[in-house]
Amino acid sequence: MIHITVEKQGEDYRRIVSEGHALYDEEGSDIVCAGVSALLINAVNSLDQLTQDGIVVDEGGEEGGFLSLELELPQSGEAKLLLDSLMLGLDSISENYGKAFLTIDVVNKAPWETE
């Protein structure tokens with residue numbers, strides 16, 4: 001299963017972490033994993049190339065299936081729109097293919113809370 005944790009501070013996104021593999025189908029044919037990966041990579045590339053917002057990306061891990069996107073605050077309206085679009089796509093995959101393959105947890109943190 002892919003588990004995505006989204007940390008927000010108010011309306012701003014602080015961090016998005018994706019871990020695991022969907023296991024919807026065999027490797028190379030897993031459309032859930034491919035869809036999630038495409039949405040995440042597109043969001044990272046779009047933030048990097050279409051906004052001035054600062055981001056830090058960590059990906060891979062020993063077995064793949066890991067991506068961490070940290071965002072500087074405050075965020076531009078463009079960055080929020082791109083991330084809202086990412087969330088819309090991820091929610092759609094989770095709803096259509098089931099929470100057995102993709103779960104999303106959104107955590108809202110107070111401004112004084114840290115990692």
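When peptides 4-16, 72-84 are ranked by their average number of other Cβ atoms within 10 Å per residue, the highest-first order is 4-16, 72-84. A convex hull fitted to the Cα coordinates of the chain yields 99 cubic angstrom per residue.
Just from its helices, what would the mean residue ellipticity at 222 nm be for the chain, if runs of 4 or more DSSP H residues each count -39500 (n - 2.57) and the sum is divided by every residue, rounded to the nearest 500 deg cm²/dmol?
Calculated at 222 nm, the ellipticity per residue is -12500 deg cm²/dmol.
How high is the FRET efficiency between S29 and V56 when r is their beta carbon distance and R₀ equals 30 Å, given to the nearest 0.05? Calculated value: 0.40. The length gained on full extension between E78 and E11, counted as 0.36 nm times the residue separation minus their Cα-Cα distance, comes to 22.8 nm. Listed by chain and number, the lysines whose alpha-carbon sits under 19 Å from that of K109, ignoring those within fewer than 8 places in the same chain, are K8, K80.
Just so you know, all these numbers are worked out from the coordinates, no wet-lab data involved. No experiment lies behind these values; they were computed from the predicted model shown. Every residue, glycine as well, gets a Cβ built from its backbone with ideal geometry; the counts of neighbours run over all protein chains shown.
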